[in-house]
Each structure stands twice: as C-alpha cells, then as structure tokens.
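Since the structure comes first, as structure tokens, the remarks are kept for the end.
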Amino acid sequence: MRTQELNKLAFGYSLAIVSAVAMLLFGLFGYAGTYGGMVNMMSEWHMYFAISPLGIIMGMIEAAIWGFVFGYAIALIYNKIVK
C-alpha cells in the first residue's frame, strides 16, 4: 500500500489558522472576564498576548507563526518517516 505525503505548506497554514482562531477565542473570553486561569497561562506562555485588542491581535500573530512552524515540522517529519 502506497502512502501519500502530507503537503507541508498546507499543513502549516492550517495549523496556523487554527492557532490564531483559538487565540482569538481565548482573548475574547478573557476580555469578557471568563476563564481567568486560561488567560493567565496564555499570558505566561505567549510573549505578546495581553487582554487588550492589540494584545489579542499580537497573540494571534504569534500563535499563527508558531502554529505554522510546528505544523510544517510535523508534516516534514511525517513525510520522512513514511518513506
């Protein structure tokens, strides 16, 4: 059985989009005053995330960059393993 390779760019972009949307939701929930523990964790883990409109946008950008990097790396490793 022949396995197909993952498209590295598509996998990276998709993980970047999911990461950015998740960060937007975390920021909106935090801005509304719910999920305080999760907001504190995001503030500790992400350098630019804050509970402000600019902080949420910067957190989304940072999450998208890391999501792309990890998604691309996962697809690259997967393609090497299945060969």
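Values in this text are rule-based calculations from the coordinates and carry no lab data. Keep in mind the model is a prediction, meaning the values are calculated, not measured. For neighbour counting, all protein chains shown are included, and Cβ atoms are generated from backbone atoms with ideal geometry for every residue, glycine included.
What to note about this one:
- For the peptides 60-69, 6-15, the ranking by packing is 60-69, 6-15, with the highest mean count of neighbouring Cβ atoms within 10 Å listed first.
- Mean residue ellipticity (222 nm) of the chain, computed from DSSP H runs ≥ 4 via -39,500 (n - 2.57), nearest 500: -27500 deg cm²/dmol
- 0 to 90° range, to nearest 10: angle between helix 36-45 axis and the chain longest Cα axis: 60
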